[in-house]
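Read the structure below first, then the notes.
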Amino acid sequence: MFSSLNGIEYSLLIQLHNAVGSSFLDTAMPYVSEIGNLGAIWIIFSLILIANRKYRHIGVMCLAAVLLTTAIGEGILKNIVQRPRPFLQFASIQPLIPEPSSFSFPSGHTGSSFAAATVIARKFKKAALPALTIAAVIAFSRLYVMVHYPSDVLGGIILGITCAICAEILVRKYLVRKEMKQI
């Protein structure tokens with residue numbers, strides 16, 4: 001499915017690195033990528049919201065969006081598509097982080113980041129720009145550290161946004177309705 005794209009996307013990765021690569025980004029981007037590991041930054045943020053009664057339903061939406069994205073992306077899509085990571089296909093690519101062992105498509109870091117950031121942006125208008133910026137920087141980091149192709153990141157963005165909307169609908173339908181009955 002992706003074999004014809006790999007060469008084009010390899011060229012894009014190399015061009016990206018040549019255009020913006022620097023010793024500062026070589027040091028910073030692995031750390032940025034790491035904060036997206038396991039969706040930890042978004043799970044922590046979700047738990048903070050859940051601890052506050054006023055924002056509990058939004059925290060549940062964020063957490064549900066991240067978990068749904070992870071289940072579909074990591075549990076289903078990666079195993080169906082089985083796209084090798086760029087460094088496995090092109091010997092000239094040396095990742096700047098320890099080599100992930102999972103498949104490449106879609107980017108899980110990107111998916112979980114855009115899932116949570118989408119919920120945050122839809123529920124907290126003033127936090128939209130910071131949340132989406134953090135998600136975009138994490139997504140960029142996955143390209144910069146050379147562990148994903150651009151279409152992996154795009155797939156993660158689409159998956160994350162879609163799962164955020166689904167999680168919002170589900171939580172509104174089931175959790176908020178249940179809370180309203182208790183009042």
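What FRET efficiency would be calculated for the residue pair Phe124, Asn37, taking the C-beta separation as r and a Förster radius of 41 Å, to the nearest 0.05? Between Phe124 and Asn37 the formula returns 0.95. Farthest towards the positive end of the charge dipole of the chain, among the residues Ile165, Met146, Ala91, is the Cα of Ile165, using unit charges on the Cβ of Lys, Arg, Asp and Glu. One chain, two ends: Val81 and Ser22. Fully extended at 0.36 nm per residue, the span grows by 18.0 nm beyond their Cα-Cα distance. GNM on the chain, alpha-carbon springs under 10 angstrom: the most fluctuating residue among Ser107, Ser23, Ser92 is Ser23. May I ask for the angle, rounded to the nearest 10°, between helix 40-51 and the longest principal axis of the chain, with both axes built from Cα atoms and the value confined to 0 to 90°? Taking Cα atoms only, the helix is inclined about 10 degrees. Going from the residue with the fewest nearby Cβ atoms within 10 Å to the one with the most, Arg53, Arg172, Arg83, Arg142 rank Arg53, Arg172, Arg83, Arg142.
Computed from backbone phi with θ = phi - 60° and the Karplus coefficients 6.51, -1.76 and 1.60, the 3J(HN,Hα) list for the stretch 116-124 is 5, 5, 5, 4, 4, 4, 6, 9, 10 Hz; x is used for glycine and proline. Close amide H pairs (under 5 Å, H built 1.01 Å from N) link Ser104 with Arg83, Arg85, residues at least 5 positions away or on another chain. Per residue, the average separation of C-alpha pairs within less than 8 Å and at least 6 apart gives the chain a relative contact order of 29 percent.
For the stretch 1-148, with the dipole built from +1 on Lys and Arg beta-carbon atoms and -1 on Asp and Glu ones, taken about the Cα centre, which of Thr69, Gly111, Gly59 lies farthest toward the positive end? Positive-most Cα among the choices belongs to Gly59. Computed from the C-beta positions of Asn52 and Arg172, the FRET efficiency with R₀ = 30 Å rounds to 0.95. Averaging Cα coordinates gives a centre for the stretch 62-114 and one for the stretch 136-154; these two points are 10 Å apart.
Summing +1 for each Lys or Arg and -1 for each Asp or Glu among the other residues whose beta-carbon sits under 13 angstrom from that of Leu49 gives +4. Taking the longest Cα principal axis of the chain as reference, the axis of helix 150-171 is set at about 10 degrees. Along the stretch 84-97 the Karplus relation, 6.51 cos²θ - 1.76 cosθ + 1.60 evaluated at θ = phi - 60°, assigns HN-Hα couplings of x, 6, x, 5, 7, 9, 10, 4, 6, 8, 10, x, 8, 10 Hz to successive residues, with x for each Gly and Pro.
Here the dipole of the stretch 1-135 is about 840 debye; that uses its Cα centre as origin and unit charges on the Cβ of Lys and Arg (positive) and Asp and Glu (negative). For the stretch 5-14, the Karplus equation 6.51 cos²θ - 1.76 cosθ + 1.60, evaluated at θ = phi - 60°, returns couplings of 7, 3, x, 5, 5, 4, 4, 5, 4, 5 Hz by residue, with Gly and Pro reported as x.
Read-outs throughout are calculated quantities, based only on the coordinates presented, and are distinct from any laboratory measurement. The shown structure was predicted, so the numbers you read here are calculated from the model rather than taken from an experiment. Because the Cβ atoms are built from the backbone with ideal geometry, glycine has one as well, and the counts that use them run over all protein chains shown.
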